Amino acid sequence: MSSEPLKDILYLKWHLNLGPVSGPNRQRDLCTFCTISLDQEEVFRTKVFDKSVSPFYGEDFYFEIPRPFLCLSFYVYAKSVFQRDLPVGKVSIRKDDLCKYSGKEHWLSLQPVDPNSEVQGKVHLEMRLNEVITENGPAGQHLLVRIIECQGLPLISGQNCDPYATVSLVGPARSDQKKTKVKKKTSNPHFEETFFFEVTRSSSYSRKSNFQVEEEDIEKLEIKVDLWNNANLAQDVFLGETRVPVKVLRNDHIHKAWYLLQPKGNGSKSKSDDLGSLRLKLTYIEDTVLPSACYTPLCNLLLKSPDVKPISASAAHILGDICRERYEVVLPMVRLLLHHNRFVPFVSAVAALELDNTQEANTIFRGNSLATRCIDDMMKIVGKNYLTVTLKPVIDEICESYKTCEIDPIKLKEGDNVEVNKENLQGYVQKVFSSITQSSSSCPPLMCDVFRSLRHLACKRFSADPHVQYSAVSSFVFLRFFAVAVLSPHSFQLRSHHPEPEISRTLTLISKTIQTLGSWGSLSKKLVSGKTVFLNLDLVSVFEYREVHKRGQGKKRLGKKNFKKRWLRVTNRELSYHKHKGKEAICTINVKDIQAVEKLDESAFNRKNMFQVVHSEKILYVQAGNCVEASEWLEVLGQVTRCNEGRLTTFHPSNYTGGAWQCCKSQSNNAPGCKPCTTIMLASLQLDIDCDRETERIFSLLSSNNTKLQDMEDACASMAVYQGPQREQEEYSKFTIQEPKETFQTLKQLRNIMEELQRQHNIRNDTTAQYGSLDNPIVGKTS
């Protein structure tokens, strides 16, 4: 069971308006870029936009959140060539507020980036009042403050910090401060240090019969805890603070709780109106996943859909029908059907239903129907590597060669030669089109199965048209797959950023040409022969060069094993790391020799986002740039090594040092692992799908459209008993209801299942975390 956010889907149309810029540089001289951060960890960065105070980034980001977080932040930087990039401003949205901004565009004012406000993490404190007893009686009271631990402190320059805490008893006329020891290279330090402060003297109790602090003292005193990063020779970096009034001990002499670290409240603040604003569009989805058994009834009902007659009475079709305005509803259903090998029969049934309502062959599969949406999502999931092997080399060439291809007389620049531009465009189109038409042997088997079914259905529906079997497929392959990927290579992970405007225009012209050529059905014949073949990526890079920190493997007997920046690259044949991007590899590991790819505990090297590549010679330890990149590396390396014969079944989640494995304390360097390896799916369809999560997403979508479900149920009931003129049909035309009784029966089953799932959610929602616990920390007072 999980209560963490399952995915963030960020479709960000970044449009920035900058305010007045102080200093010698004028507004138009600013080159800016934006970053996305989970708390203080940067996970994505846009390209640099040259010299504009109103840049339109237009970049899309999608990622699943691999860890808990408190805040999603967007930073705007001014690019500097000779010095450190300067922060212009930021937009921060707390996790609890993300739903308020989800699904719509918003202009958000940039706030100043103040080092004293860049905080994150929690601190665990214990406070108690003790009476000091001497031979002469009570001598006063001492306040005991125990700093237990912290969690989630920020990274400093991409590395774990060296934190320490200062503890102060603050009052109108006093400020006693004490300090913990420095903990090295950790974001989750365990301090376990106790400090004593004198609160009252014996004279304060001369008029009292019982042990109690005077009311005026209680109201004025507070404990202030500051977290700092020890920077040795440089100035220490503020990490956050919390303030706890001593009066919390008024009713109980012991107080123990977790507190969220807060920014300094008295820092100088500039006017945010002067900084400009950022336009964002984001979609945030958070689901709470129940135990697997809770989803069995809904999952089984959805998986029965291909067998239901008519298909419009099935649970999967009803889901698509009531949520037809919401495109994201199809994806979890497609993923669930793919995982259980039920996609092809389902999409064949819904495609047949659509063809029954198609009157002309030249309009086949051109609308935004349930069938086309399902096939679109299937191609994006299954055809990701197919696009890479087919298009990436030529897309890279187009983006890096900067040949002008503009042929519109209105858009030609001074000095352009339209004939040369035509030759450039024709050359690019020929390369792209040849890559596509020669790629049939690389088409994934499942896509071939779907296209074979579409050909058969199209021939059956329009038997007099000899070309319809090819146009039925080309409408997907060319218009909805390759042409879209050429137009927006970043959205299909073919490029890391959106191309420059001139390159984007070239890709638009190529895409339009491909669409036109693809409309001629006979040209599609090469692609849809229906052969079942497997994808071959031997010479194509699956993952681009990414900068990582690699731990030295100690090849020299006296060599020091340390971490160095390297560029890591993986293909289906080899994993290599390089000192410089694109240069000769320092070391190459044959993919077939890799025995395991697993996460590494942070405690192993006191570093976050670590993973290990276990191969026949040594273990390669790698630190990714952030948590998202670490997750991506584990996924792609797991896929390319999933069929290796020598894969291990167990691994060590920590390192071997001091003569023993730190995880299980086994002293043999060759001892078998102490933890089971991650199971990699060994099917021809390379998908890692969490069916419980997808079913929960479907339940959430059904619940949010409960009114439409009721309307559809009412429509079925009315149609089943109404004997008058068919005017009722007009009222319910927004639904596809062929057999009212069958549809009504499915709706009743859905409603019963949804009620039980909601009951299970309610049970778990009642057990909320106690205020002051690790999961529900106290938001402390700020200065």
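The values are calculated or read from the model by the stated rules, or taken from the named source; none is laboratory data. On a predicted model such as this, the values are computed, not experimentally measured, just so you know. Here the Cβ positions follow ideal geometry from the backbone for every residue, glycine too, while neighbour counts run over all protein chains shown. Accessible surface is based on the protein model in full, side chains and every heavy atom, while ligands, DNA and RNA are left aside. Shrake-Rupley method; radii C 1.70, N 1.55, O 1.52, S 1.80 Å.
Among 475, 440, the sequence by solvent-accessible area, most first, with a 1.4 Å probe is 440, 475.
To the nearest 20 Debye, how big is the dipole of region 342-528 about its Cα centre, given +1 on the beta carbon of each Lys and Arg and -1 on that of each Asp and Glu?
Details: 21 positive and 18 negative charges, 135 e Å.
The calculated dipole for region 342-528 is roughly 660 debye.
Descending by average beta-carbon neighbour count within 10 Å, the peptides 30-41, 95-106, 502-513 line up as 30-41, 502-513, 95-106, the highest first. Close amide H partners of residue 79, meaning residues 5 or more places away or on another chain with modelled amide H under 5 Å apart, are 31, 32, 33. Working from label points 7 Å from Cα in the Cα-to-Cβ sense, the residue 776 to residue 81 distance is 5.6 nm.
Quote to one decimal, in nm, the extra length available between residue 196 and residue 109 on full extension: 0.36 nm per residue of separation minus the C-alpha distance between them. List each step's numbers first, then the result.
On the way: separation 87, 0.36 × 87 = 31.32 nm, distance 4.49 nm.
Extra length available between residue 196 and residue 109 comes to 26.8 nm.
The listed peptides 54-65, 577-588, ordered by packing as a protection proxy, come out as 54-65, 577-588 (highest mean of other Cβ atoms within 10 Å first).
Using a Förster radius of 45 Å, what is the FRET efficiency between residue 584 and residue 669 based on their Cβ-Cβ separation? Nearest 0.05, please. Write down the numbers at each step before the final one.
Numbers: r = 31 Å, r/R0 = 0.70.
After rounding, the FRET efficiency stands at 0.90.
What is the calculated FRET efficiency for residue 130 to residue 762, with r their C-beta to C-beta distance and R₀ = 41 Å, to the nearest 0.05?
Values: r = 44 Å, r/R0 = 1.08.
That gives a FRET efficiency of 0.40.
Taking R0 as 22 Å, what's the FRET efficiency between residue 704 and residue 309 from their Cβ-Cβ distance, rounded to 0.05? The formula returns an efficiency of 0.15 here. A simple spin-label model places the labels of residue 64 and residue 176 5.3 nm from each other, with each point 7 Å out along Cα-to-Cβ.
Which length gain, in nm to one decimal place, applies between residue 650 and residue 234 when the Cα-Cα distance is subtracted from 0.36 nm times their residue separation?
On the way: separation 416, 0.36 × 416 = 149.76 nm, distance 4.38 nm.
Length difference between fully extended and current span is 145.4 nm.
Does anything in region 426-455 have its amide N under 16 Å from the 7 Å Cα→Cβ label point of residue 412, and if so which residues? From region 426-455, the list is 426. A simple spin-label model places pseudo-atoms 7 Å from Cα toward Cβ; at residue 426 and residue 149 they are separated by 7.0 nm. When all protein chains stay in place and ligands, DNA and RNA are ignored, the 1.4 Å accessible-area order of 373, 495, largest first, is 495, 373. Net length available on complete extension from residue 359 to residue 400 is 10.2 nm, with 0.36 nm assigned per residue and the Cα-Cα distance removed.
Once the convex hull of all Cα atoms in region 342-528 is built, its volume per residue stands at 121 Å³.
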